[in-house]
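Colleague: Dropping a structure here in structure tokens format, bear with me for questions.
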Amino acid sequence: MIQLLDLVRNCRLCEKALLLGPRPVAQASADSKLLIIGQAPGSKVHQSGIPWDDPSGDRLREWLRLDKETFYDANKIAIMSMGFCYPGKGQSGDNPPRFECAPTWYELLLNEMPSIQLTLLIGHYAQRYYLKQIEALADYKTLTERVKNADKAPTHLLPLPHPSPRNQIWLKKNPWFETETLPLLRKRLTMIDL
């Protein structure tokens, strides 16, 4: 796993497409029990090299009710993104994650993490990529529908919205997320030994 993570962190596959250059960000261990799959690092994470080291990460840790020490313990929690590098700024937020990362690295990384008991699919890109594994949610076309019906997902997968401050309007429009989905998330977290 250490050698594989070194390869990931030194990846230059899409270097020419990244305005700020590559800086792949990932955290994993063969002992990780929880896998968090997001979309791509933001500019703050690109600078620090620490996953979820921004306001989105603060909100995610609040949702999970985890402190930073636990969150950044790779023996407990693996953190990957659909794109490992910051994709740059777009017209309304960041650009979509680079498409090269997941098909290049995911299977190799997942094969080295046999202890994963729960995978959180955060945001549209992660859910779309893994939708084939969530047959119970395949008929739901939007992120809102998938998250609203998260209780139908297999117990080892859970779709979530992105915790970005930009999603404040979504969270206000969907109060059931706080009363239904977050308790489900926390219940599933109690089923794994973090």
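Colleague: Between LYS172 and GLU15, what is the FRET efficiency for a Förster distance of 35 Å, r being their Cβ-Cβ separation, to the nearest 0.05?
Modeller: That gives a FRET efficiency of 0.35.
Colleague: May I pose another question? Per the helix-only calculation at 222 nm, which mean residue ellipticity applies to the chain, given -39500 (n - 2.57) for every DSSP H run of n ≥ 4 and division by its residues, nearest 500 deg cm²/dmol?
Modeller: The helix contribution divided over the chain gives -9000 deg cm²/dmol.
Colleague: May I ask you to evaluate 6.51 cos²θ - 1.76 cosθ + 1.60, the Karplus curve with θ = phi - 60°, for each residue of the stretch 44-57 and list the ³J(HN,Hα) values in order in whole Hz, giving x for glycine and proline?
Modeller: Once θ is set to phi - 60°, the couplings for the stretch 44-57 become 5, 5, 4, 5, 7, x, 10, x, 6, 8, 6, x, 4, x Hz.
Colleague: Something else about it: Accessible area per residue of the chain at 1.4 Å probe, in Å²?
Modeller: With all protein chains present, the chain gives 52 Å² per residue.
Colleague: Classify the stretch 129-194 as rounded, prolate or oblate, taking a ≥ b ≥ c as the square roots of the eigenvalues of its Cα gyration tensor: rounded when a/c is under 1.5, otherwise prolate if a/b is larger than b/c and oblate if not.
Modeller: Because a/c hits 1.5 or more and a/b fails to exceed b/c, the stretch 129-194 counts as oblate.
Colleague: With Cα extents along the principal axes in Å defined as stated, name the option among (1) 48, 36, 34; (2) 42, 39, 32; (3) 75, 42, 29 computed from the structure displayed.
Modeller: So the structure-derived entry is (2).
Colleague: If R₀ is 22 angstrom, what is the calculated FRET efficiency for the pair MET1 and HIS156, using the beta carbon separation as r and rounding to 0.05?
Modeller: After rounding, the FRET efficiency stands at 0.65.
Colleague: Give a residue-ordered list of calculated ³J(HN,Hα) values for the stretch 129-134 (Karplus: 6.51 cos²θ - 1.76 cosθ + 1.60, θ = phi - 60°; whole Hz; x for Gly, Pro).
Modeller: Result, rounded to whole Hz: 5, 9, 4, 4, 8, 10.
Colleague: Continuing with the same structure: When the chain is fully extended, how far beyond the present Cα-Cα distance does LEU131 get from LYS89, taking 0.36 nm per residue of separation?
Modeller: 12.5 nm
Colleague: Measuring from a point 7 Å past the Cα of SER115 along Cα-to-C-beta, which residues in the stretch 1-38 have an amide N at less than 19 Å?
Modeller: Only 1-6, 26-37 pass the distance filter.
Colleague: Would you mind checking which residues have amide H under 5 Å from LEU35's amide H? H placed 1.01 Å from N; only 5 or more apart, or other chain.
Modeller: ALA78, GLN117, LEU118, THR119, LEU120
Colleague: How much length would be gained if the chain were fully extended between ASP67 and LYS44, taking 0.36 nm per residue of separation minus their Cα-Cα distance, in nm to one decimal?
Modeller: 6.3 nm
Colleague: Shape verdict for the stretch 40-120, please, from the Cα gyration tensor: rounded (a/c under 1.5), prolate (a/b greater than b/c) or oblate.
Modeller: oblate
The values are calculated or read from the model by the stated rules, or taken from the named source; none is laboratory data. Keep in mind that what you see is a predicted model, and the values were worked out from it rather than measured. Here Cβ is always computed from backbone atoms with ideal geometry, including for glycine, and neighbour counts include all displayed protein chains. SASA here: full protein model, heavy atoms, side chains in, ligands and nucleic acids out. Shrake-Rupley method; radii C 1.70, N 1.55, O 1.52, S 1.80 Å.
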